[in-house]
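Reviewing the structure listed below.
The values are calculated or read from the model by the stated rules, or taken from the named source; none is laboratory data. Please read these numbers as outputs of a predicted model, since none were measured by experiment. Cβ placement follows ideal geometry from the backbone for every residue including glycine, while neighbour counts extend to all protein chains displayed.
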Amino acid sequence: MKKAFLIISLLSFLFAVDITYNKGVLIPESLKNSFNKYWSLRADKRFYKTYQYELPYLNYLHSQEWYEDFFSTAPRIKKIKVKWVKCTKTKCKIGMILKIGKENVFYIDTWVNVDNRWYHKYNDNALPF
């Protein structure tokens, strides 16, 4: 049992995503915790867990099975560098660079605060907002 735990811990460390923040980036601590957890899980391809961080409306658009299948072919994210964060009272946009393979991809991530809990906004073109 101890060996299995040690192996799982080691594998988690090997595949953990490196998340860094530009100097001076201010982000609410509760959002930072959710953001780091979400992107670490996503980098580890544990989509059954990231689904829980998505805004609840996603449950009506797509099943968890669809969500996991959709992201299962996504390339592995190696590194994330947060460049800026812009927040209102209930919504934050996070500009970041994702290191995917040898490429750097700029991405704007959106998080929404509902009842003091931060949710990731899955970008679905079916929604007008």
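Here is how the numbers come out for the structure above:
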{"item": "Selection status of residue 54, at pLDDT 90 or above and exposed (fewer than 12 other Cβ atoms within 10 Å of the Cβ)", "result": "no"}
{"item": "Considering residues of segment 57-74 that are closer than 23 Å to residue 101 by Cα and of a type in the set (Ser, Thr, Tyr) only, the residue surrounded by the most Cβ atoms within 10 Å (Cβ to Cβ)", "result": "67"}
{"item": "Any hit, segment 70-84, residues being modelled with pLDDT of 95 or more, among the aliphatic types (A, V, I, L, M) and touching a helix residue (DSSP H, G or I) at 6+ places or on another chain (Cβ under 7 Å)", "result": "yes"}
